[in-house]
Amino acid sequence: MERDSVELLAPARDLECGIAAIEHGADAVYIGAPRFSARAAAGNSFDDIGRLMECAHQFHARVYVALNTLLRDEELSEAVDIAQKVYAMGADALIIQDLGLLECDLPPIPLHASTQVDNRSVAKVQFLEKVGFQQVVLARELTLAEITGIAKQTSVKLECFVHGALCVSYSGRCSISEVMTGRSANRGECTQFCRHRFSLHDGDGRTVAADRHLLSLKDLDLADSIPALIGAGVRSFKIEGRLKDSNYVKNITALYRQRLDQILESESALYPSSSGKCCYTFEPDPEKTFHRGRTHYFLHDRKNRPAFPATPKSVGKLTGTVGVVRERSVEIITEMDLHNGDGLCYFDEQEHLVGFRVNRVEGRWVYPHGKISPLPGAKIYRNNDVQFNRSLQNSEKCRKIEVAVTVTEKATGLSFAIVDEDEIASCTSIESAATPAMQPDKTIGSLRQQAQKSGDTIFTATAVRIEVNPERYYPPSLVKELRRKAFAAHLWKRLRYHKKPHILLQPNTVPWPEEEFSGIDNIVNSRAEVFYSRHGVVLPEKRRSTPEQLMSCRYCVKQQLGICPREGKEEHSSYKEPFILADKNGTYRLVFHCHRCEMTVEKFEKGEKS
């Protein structure tokens, strides 16, 4: 029976986060290159990337380097140099957006198509597979049926986001940050316009919604949908969060590791794509680290309300309700234990989020830092659980490789043989003359006790066999030294077994799916022009200086507010288009493409005819 490997892919803002991800069960991590990653604030040095590879490869986990911004002509050579260097260091794949790189002298490294390439159709994924991509990151907006359709008609490995922040626009199709501030999301510099407060007006100037975060989505949480996604054909499950801290990475990676392991235990056709087992000292809980609420987005239902207009901030876990409010203290009715230093929050009468830190807890009474005045009965959330965070901070080195150890007596001393869960074997010997045992009945037990220790290594001895004459005595210091050398030698051998990928690109002229092409504004270098031309795209002589569409979204404000005309609610039929969205930076026209259930955002100048 043919078996498929399943990958849990976690984010690495930096070396600390990357190691945390590996130690808490990630099969692979993705980390920003020194330059040109889609999170400009999360670039990493070559030294740190190299150290992360050493940590990952001992578990046969992988490191994917994100080089996924659009590149200017003068930047291409540096980007290629980065690709060459990280490949030489042992990187397992490059995540890219700019298809002009396929016309450059890249090393023979697997290429992953970033979600910024806008991968949301069968035709697009088929094209990417044919031009040489080994893995494709699917658009977050896809339904389960759409993912299933893509998987059935392609053979490339499909990667799907399962947790974390959501962009309101199709990735790669958002220009609002670039147009309004000069900082392009496609250059890793998004200013997060979607998290702004907006007011919405109709064509008659009537206010539909005021001072709300109308484009700010909840966070994706597909933990309960992993079985369905596996059934649909997804084999890489990606956690978003290259700007999140190590506590977030530990918590969420552990959560999905547990969910995947439960499935893999009962699915003989599937297996994890790296080695080792994790034992956690905390219970993962996604509500206890940064989150804006949870949504399945469109995976199961095209008609849902995935935005959280009240706030773009982390709300945390619902903890209880407000009882009596005094001048300097508040009664919290809850079954949870609160602690000094906790961060709590509530929504005030204007539905604005108000947060405060707990100075002191006495029973059900909390004494806040600063003056607050929540209404009795208001819901209280905890968005900073100091005790849980402390348990996350203390959690490390919880992933171990199981090994069987055999200690054997040789003519010149002892040997220490190791066979691990991947059936990699090693044997290390040490010379020593034995002396007569003073207590022969304790020889085997003493050696077993020494042999089963693994110290600060990644190994845990689950089976120990001692083949030594009990009449002979070997001092514990000798056995300790032998054990140390044996585990070091075995680790070195494991690292040698991690094979460097070698995938050569074969340029071709596979035609670009014409109905899919909408990337004129994402061609910013001559190599990209060559790529698209070779694949049959006719480029205009002059590109637009400003995109017509600032955002292209499957999310719809009308749907969110319950005034979608396709839902047939007559009381909302009086609103006149165009709908105008306004924030402190400008005004924007919303265009609704109801036939395909999409919305676009365009810049709207005052005085322009509506």
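The values are calculated or read from the model by the stated rules, or taken from the named source; none is laboratory data. Predicted model only: the values in this text are computed from it and were never measured. Ideal geometry is used to build each Cβ from the backbone, glycine not excepted, and the neighbour counts take in all protein chains shown. We work out accessible area using only protein heavy atoms, side chains counted, and drop any ligands, DNA or RNA first. Shrake-Rupley method; radii C 1.70, N 1.55, O 1.52, S 1.80 Å.
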Quiz prompt | Computed [θ] at 222 nm, deg cm²/dmol, the chain (DSSP H ≥ 4; -39,500 (n - 2.57); rounded to nearest 500) | solution = -7000 deg cm²/dmol
Quiz item: Considering only DSSP beta bridges whose two residues both sit in the chain, what percent are antiparallel, to the nearest 5?
Solution: 60
Exercise. Tabulate in residue order the Karplus-calculated ³J(HN,Hα) for the range 344-355, using 6.51 cos²θ - 1.76 cosθ + 1.60 with θ = phi - 60°, rounded to whole Hz; enter x for Gly and Pro.
Key: 10, 7, 7, 9, 7, 5, 8, 6, 8, 7, 10, x
Self-check item: Amide H within-cut-off set for Gly32, under 5 Å, with H built and near neighbours excluded
Solution: Ala66
Self-check item: the range 1-64 versus the range 211-285: alpha-carbon centroid distance in Å
Solution: 15
Self-check item: Overall form of the range 95-181 per C-alpha gyration tensor (a/c, 1.5; a/b vs b/c)
Solution: oblate
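Ratio of Rg to Rh for the range 18-112, alpha carbon only, Kirkwood?
On the way: Rg = 12.7 Å, Rh = 13.2 Å.
On the Cα set of the range 18-112, Rg over Rh gives 0.96.
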Quiz item: Local charge sum around Tyr280 (other residues, Cβ-Cβ under 15 Å, Lys/Arg +1, Asp/Glu -1)?
Solution: +4
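Rounded to the nearest 0.05, what FRET efficiency do Ala489 and Ser155 have when you use their Cβ-Cβ distance and R0 = 41 Å? Walk me through the numbers on the way to the answer.
Numbers: r = 39 Å, r/R0 = 0.96.
Calculated transfer efficiency: 0.55.
If you roll a 1.4 Å probe over the heavy atoms of the protein chains, what accessible area per residue do you get for the range 1-111, in Å²?
Working: 3400 Å² over 111 residues.
I get 31 Å² per residue for this part.
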Quiz item: Which value in nm describes the separation of the simple spin-label points at Ala404 and Glu548, placed 7 Å from the Cα toward the beta carbon?
Solution: 6.8
Exercise. Using label points projected 7 Å from each Cα along Cα→Cβ, tell me how many nm separate Gln258 and Arg566, to one decimal.
Key: 3.8
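Sequence gap at least 6, Cα distance under 8 Å: using those rules, report the relative contact order of the chain to the nearest whole percent.
Working: 1301 pairs, mean separation 96.8, N = 610.
Relative contact order comes out at 16 percent.
Within the P(r) computed for the range 311-358, what percentage of the Cα pairs occupies the region above 16 Å? Intermediate values should be presented prior to the final figure.
Values: 479 of 1128 pairs.
Of the Cα pairs, 42 percent sit more than 16 Å apart.
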Practice problem: Mind giving me the nanometre distance, one decimal, between the label points for Thr321 and Asp285, set 7 Å out from Cα along Cα→Cβ? | Solution: 2.1
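Quick one: with all protein chains in place, what share of the accessible area of the chain is carbon or sulfur, to the nearest percent (1.4 Å probe)?
Values: 12910 of 27390 Å².
The value for the chain is 47 percent carbon and sulfur by accessible area.
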Self-check item: the chain: C-alpha gyration tensor shape, a/c 1.5 cut-off, then a/b vs b/c
Solution: oblate
Quiz item: Could you give me the ³J(HN,Hα) list for the range 535-541, computed from phi with Karplus coefficients 6.51, -1.76, 1.60 and θ = phi - 60°, whole Hz, x at Gly and Pro?
Solution: 9, x, 7, 8, 8, x, 5
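Averaged per residue, what accessible area in Å² does the range 213-324 show with a 1.4 Å probe, protein chains only?
Heavy-atom SASA per residue in the range 213-324 reads 36 Å².
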Quiz item: So who's got an amide H within less than 5 Å of the one on Leu414, skipping anything under 5 residues away but keeping other chains? H placed 1.01 Å off N, in plane.
Solution: Ile430, Ser432
Quiz item: Given R₀ = 51 Å, FRET efficiency for Ile503-Lys442 by Cβ-Cβ distance, to 0.05?
Solution: 0.35
Quiz item: Does a label point 7 Å from the Cα of Asp81, set along Cα-to-beta-carbon, have any residues of the range 97-113 with amide nitrogen under 18 Å, and which are they?
Solution: 101, 104-107
Self-check item: Overall Cα dimensions of the range 255-386 - principal axes, largest extent first, Å
Solution: 62, 39, 20
